[in-house]
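These notes are about the structure you will find just below.
The values are calculated or read from the model by the stated rules, or taken from the named source; none is laboratory data. In this text the structure is predicted, and so the values were computed from the model without any measurement. Ideal geometry is used to build each Cβ from the backbone, glycine not excepted, and the neighbour counts take in all protein chains shown. The protein model used for the area step is the full one, side chains on, heavy atoms only, and it has no ligands, DNA or RNA in it. Shrake-Rupley method; radii C 1.70, N 1.55, O 1.52, S 1.80 Å.
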Amino acid sequence: TIQSEQYVNLHLKPPKMHIEEMPTLKLSQSSATTFKRKRLLVTVVVFAGLVAIIAIARSTLLSSALAPTGRTTNRGVLANRDVLSMRSVPLPSGTRQLVPNALPKGADMSLFARMSTCKCCKSCGICPKRCGGMKRSVVVGAGVDPTIQDRADALLASNKVLICPAIQTANLAEMGPEIKRAMDGGADIIHWDIMDGHFTEKLTMGPMFVKSMRKYGITAPFDVHLVADDIVDHLVKEFADAGANYITFHPEGCKHLDRTLSMIKDMGLKCGLVINPGTPLSILESVMDQVDIILLMSVNPGFKGQPFKDITYSKAKAVKEMIRQSGRKIRLEVDGRVGTKNIEKLADMGCDMFVVGGAIFNSDDYGQTISQLRYLAENSVSVNH
């Protein structure tokens, strides 16, 4: 203090810092650098912790959203080919649920397919043996409630004669109420004819109609008949996401028949092939082990006012024999001018699933018409013997 006062009084500058005092200055700079590094490290740690918390919360929410009751049913190998990788999540029942861990760009959560645990390999739902002895732990997506799909599968596997009103002949301005009236009248399945304007000249409905009916509260099985050319595989994904339970298509509009059938089955839906009046039955020989439905067209699709083609009777009889020889449960469906005048004979030839349009929706009493159609079909020679 005395020295400082002397320097001030004498107007002299303090002496310059000696070299031996420099380490003190260097230590001070090092402390500042260390403080900055520590502050950066704390920031990084806090940020990493927030990211980890968000990831854990997201994983928990995803698992909660996808985790069902854990019940199992025999449904076969079901897997989504769009899923890039999967991780196993234990369920309360001891089964395993495969949850997608990485998705392609633009993939939708609702497109996740049904996953299952294999009885032979006990690990994943994609069994290389396709042994058929799988038990599904959960249905993930595909746009339809698993309860609806289970009922739809059980209905198809039953021995019941199935009446399927064709929705395109109804009053589309009241589609929801029309479907409800048909189902209340005793209908089993709602049939959708989806025409793309290329395979036929007519353009009908897209997947948003099916999806809107699911949102409306319709729980009836949906049988989607794709009358399309070249874009069948694309439409399969769209309608599976919308809520279809059965999807049938024309071999003439498909590039790779086996691949498309496998795609539908891998999505957990029932698949089928459509045979036009001019399509040879030989095309069925190589896919009898895959199809769940064979749909015979008794008219050419897409044209109004056509008469019922009598060749349908002999084709139905021939297809029924092919089904018998296959040893599998395959539904024989018929579509086109089906009504009270011919349903009994069609049942005699082996048909057990009937698409009926105007005969139902143009009648005054849907329930009475459906009951009459069912009575005629169930009392045929083929059904009783």
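General observations
- Taking the conditions (1) under 17 Å from residue 210 (Cβ atoms); (2) in contact with a strand residue (DSSP E or B) (Cβ under 7 Å, 6 or more places away or on another chain) in turn, residue 178 satisfies each one other than (2).
- Candidates 153, 229, 233, filtered to the one that is among the charged types (D, E, K, R) and closer than 16 Å to residue 302 by Cβ: 229
- Cβ pairs under 6 Å, 6+ apart, first in segment 224-252 and under 17 Å from residue 335 (Cβ atoms), second open to solvent by 10 Å² or more (accessible area, probe 1.4 Å) and of a type in the set (Val, Ile, Thr): 251/283
- Filtered residues of segment 169-212 (kept if open to solvent by 60 Å² or more (accessible area, probe 1.4 Å), outside any loop (DSSP other than H, G, I, E, B) and in contact (Cβ under 8 Å) with a residue 40 or more places away in the chain): 181, 184, 211
- Looking across segment 323-362, the residues that are assigned to a loop (DSSP other than H, G, I, E, B), farther than 18 Å from residue 306 by Cβ and either among the hydrophobic types (A, V, I, L, M, F, W, C) or open to solvent by less than 30 Å² (accessible area, probe 1.4 Å) (or both) come down to 330, 349, 350, 351, 352.
- Top-ranked residue of segment 280-291 - restricted to ones that are open to solvent by less than 10 Å² (accessible area, probe 1.4 Å) and part of a loop (DSSP other than H, G, I, E, B), ranked as farthest from residue 166 (Cα to Cα): 287
- Being of a type outside the set (D, E, K, R), at pLDDT 95 or above and over 23 Å from residue 175 (Cα atoms) holds for only one residue in 354, 308, and it is 308.
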